[in-house]
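Structure first, then comments.
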């Protein structure tokens, strides 16, 4: 499937997630589902990642920060207003690439604020917000490496993160092209980068934006470089429980309001264009694909 077709598929996901929702009930009298517990306890549980820079990670003061978390904070404000709550406490719950879906399904997390790719398989278990970012799998290598593209990793060692769509994409490419890659499965991005830095692997496969964020935040942009083309299409969404139309309406409406007011553009610039909390900078203007996707939920055209 060509990239343009995949992008259009991502845009359809964004449009469907933002519009095909039940009307919100009158709060708080008709509150039910996940919102009933939030209303009763005045606590919402937000899932965060430790190293998904700049979407969701621990900042210099060891507190969860990031683009996805800022969007989730907007959802918290909408919920508090809709439920007529003077206070709504946020409880942060650490999730990993391996357990994030189960934590949403089990109720340990109300909204997962990370860098999770929307896939048909995952949509059978959880629900997603409209698209909040579009990226794809790339390879990171040491600055002095002779590897230039996917063909050059034949019979080499490649690090991947367990439980990610990048791992799935790389294993499928390896099978289709007969590359004979030896995969080294790491639990998180910093561990995988350490493997690359020590020479224990020849390349590290992850989403382009997460690689850029990791290198910027850790100050390692001079040590590594990204090579080759995008090897997969990854459209991110905020993740929350299936079959909860009230919560779905709140999530989608918040993002529509953030887009139509252009607040979402300011949030994007804060994390992808301006200086990050630790001093690094990604200098990554919004892509045409993401802008068009956000226009479907209300972002005014240029």
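Listing for the model above:
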quantity	calculated
Flag for residue 219 being at positive phi and modelled with pLDDT of 95 or more	no
Residues that are crowded, with 17+ Cβ neighbours inside 10 Å and not in a strand (DSSP E or B), drawn from segment 89-122	95, 96, 97, 100, 101, 103, 104, 109, 110, 118, 122
Residue tally, condition part of a loop (DSSP other than H, G, I, E, B), within 17 Å of residue 103 (Cα to Cα) and either outside the structural domain of residue 245 (by TED's automatic domain parsing) or touching a helix residue (DSSP H, G or I) at 6+ places or on another chain (Cβ under 8 Å) (or both), over segment 50-66	0
Residues of segment 126-156 that turn out to be more than 23 Å from residue 260 (Cα to Cα), assigned to a loop (DSSP other than H, G, I, E, B), in contact with a helix residue (DSSP H, G or I) (Cβ under 8 Å, 6 or more places away or on another chain) and in contact (Cβ under 8 Å) with a residue 60 or more places away in the chain, as a count	2
All positions within segment 123-144 that are surrounded by fewer than 17 Cβ atoms within 10 Å (Cβ to Cβ) and within 20 Å of residue 215 (Cβ to Cβ)	143, 144
Pair list, Cβ under 7 Å, 6 or more apart: segment 77-95 residue over 22 Å from residue 258 (Cα atoms) and outside the structural domain of residue 110 (by TED's automatic domain parsing), other residue at pLDDT below 95 and surrounded by 12 or more Cβ atoms within 10 Å (Cβ to Cβ)	none
Some residue of segment 177-196 being out of contact with any helix residue (DSSP H, G or I) (no Cβ under 9 Å at 6 or more places or on another chain) and assigned by TED's automatic domain parsing to the domain that holds residue 67	no
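Residue-wise test of (1) assigned by TED's automatic domain parsing to the domain that holds residue 67; (2) surrounded by fewer than 19 Cβ atoms within 10 Å (Cβ to Cβ).
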| residue | (1), (2) |
| --- | --- |
| 200 | no, yes |
| 206 | no, no |
| 218 | no, yes |
| 238 | yes, no |
| 241 | yes, no |
| 245 | yes, yes |
| 257 | yes, yes |
| 262 | yes, yes |
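The values are calculated or read from the model by the stated rules, or taken from the named source; none is laboratory data. These numbers come from a predicted model, not from an experiment. Heads up, the Cβs are rebuilt from the backbone with ideal geometry, glycines too, and the neighbour counts pull from every protein chain shown.
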